[in-house]
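Shown next, in structure tokens, is the structure this report addresses.
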Amino acid sequence: MVIYKSIKVARAISKSGLPDIDYALNPYIGCEHSCIYCYSPDFTRNKEVAYNWGSIVVIKENIAEVLEKEIKKLKKGTVGVSTITDPYQPIETKKELTRKCLKILASHGFKVSIQTKSTLVLRDSDIIEPELFDVGVTITTMRRNVAKLIEPNAPPPRARARVLEYFTRKGVETWLFLGPIIPGINDDREQLEEVVKTAAEIGTYIIYDKLNIKPLSLSNMKRKWPFKIELREILRLCQTKQYYEKLMNTINELCKRYSVKCKPAFKYKFPRNLLDYMSK
């Protein structure tokens, strides 16, 4: 059961360090999807939410009102909605904070990049127009049974694919976020090909990402890990350049075969101390 809490904020929007994103806007703190791999807890200042990821969601009740005041002073740019949570939490059906913020951003001519796993984004199709918006949907695997284990409260993969299909047909730029790719879980050629084939059928492109491990995210994985492969082996592979290069070559090969454009989310660094997290 998820606990909801409400706060009032002094700021609605912040500068972003992500590629191609100037600003970040997060109407909620925490995420009900409870993805076991998520590293957002490590970047969440609210420690109660961070240490109870998936169990507490904080609602920024006044974020739309604050945004309306702030936006008049900001230089136009691209706003990422959201960067450390999904902007379409189930409670969004009642609160409509994301919807209100999208309206404000669009009315002031700001470009908006939405990333979500939720089908609720379809509700806002009347706001999301090709001129100002792009929509990214995270799909880690097309296999519902695997997705249910790693993303227990998120919509099934096929439903997410239909979101991409809808907005692509509408003329909105879309992208499929294939990540994280977890060694031994969703990195086999068959599963990767299923995702690439889906992107080809929709007519969208792929941004892919490896598993990124942080202390809190690993702690969460330890508590909820449902697979036979040991986390220690996954950590070993995550910091192996040879593993990632082989994975990247497989994705690029599949994308070329299906005529799908693809690119990595980040320029990767390979830390040497991941196994140290296991003792923490």
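Over all other residues within a Cβ to Cβ distance under 12 Å of Lys76, the charged ones net out to +3, with Lys and Arg as +1 and Asp and Glu as -1. Using a simple spin-label model with pseudo-atoms 7 Å out from Cα toward Cβ, Arg158 and Lys224 lie 2.4 nm apart. Be a star and scan region 1-25 for residues whose amide nitrogen sits under 11 Å from the point 7 Å along the Cα-to-Cβ vector of Glu65. Zone members listed by number: 8-9.
GNM on the chain, alpha-carbon springs under 10 angstrom: the most fluctuating residue among Pro19, Pro156, Pro27 is Pro19. One chain, two ends: Lys15 and Met248. Fully extended at 0.36 nm per residue, the span grows by 80.9 nm beyond their Cα-Cα distance. Residues Arg45, Arg232, Arg123, Arg169 ordered from highest to lowest accessible area at a 1.4 Å probe: Arg45, Arg169, Arg232, Arg123. Across the alpha-carbon set of the chain, the Rg to Rh ratio works out to 0.95, Rh being the Kirkwood radius. Compute the distance from the alpha-carbon center of region 126-146 to that of region 216-248, in whole Å. Comparing the Cα centres of region 126-146 and region 216-248, I get a distance of 25 Å. Averaged over its residues, region 7-88 has an accessible area of 47 Å² per residue, based on protein heavy atoms and a 1.4 Å probe.
Calculated [222 nm] ellipticity per residue, helices only, for the chain: -10000 deg cm²/dmol; basis is -39500 (n - 2.57) per DSSP H run with n ≥ 4, divided by all residues, nearest 500.
Given a 1.4 Å probe and the protein chains as shown, Phe43 ends up with an accessible area of around 110 Å².
The shape of region 153-251 can be summarised by an equivalent ellipsoid whose semi-axes, obtained from the alpha carbon gyration tensor, come to 28, 16, 12 Å from longest to shortest. Counted over region 104-212 with a bin width of 5 Å, the fraction of Cα pairs per bin, in whole percents, is 2, 12, 24, 23, 17, 11, 7, 3, 1, 0. Remark: region 108-119, residue by residue, has Karplus-estimated 3J(HN,Hα) of 9, x, 7, 7, 10, 10, 9, 10, 7, 10, 9, 6 Hz, where x stands for each Gly or Pro and the curve is 6.51 cos²θ - 1.76 cosθ + 1.60 at θ = phi - 60°.
Considering all C-alpha pairs of region 36-161, those separated by over 22 Å amount to 40%.
Straightening the chain between Arg232 and Lys5 buys 78.2 nm, computed as 0.36 nm per residue apart minus the Cα-Cα spacing. For the options Tyr268, Tyr51, Tyr23, a Gaussian network treatment of the chain with springs between C-alpha atoms closer than 10 Å singles out Tyr268 as fluctuating the most.
Note on region 1-138: with neighbouring protein chains present and a 1.4 Å probe, carbon and sulfur make up 52 percent of its accessible heavy-atom surface. Total lysine pairs in region 54-145 at Cα distances under 13 Å, for residues eight or more apart or on different chains: 5.
The values are calculated or read from the model by the stated rules, or taken from the named source; none is laboratory data. On a predicted model such as this, the values are computed, not experimentally measured, just so you know. Please note: Cβ atoms are built from the backbone with ideal geometry, for glycine as well, and neighbour counts cover all protein chains shown. Remember, those area values only see protein heavy atoms, side chains included, never the ligands or the DNA or RNA. Shrake-Rupley method; radii C 1.70, N 1.55, O 1.52, S 1.80 Å.
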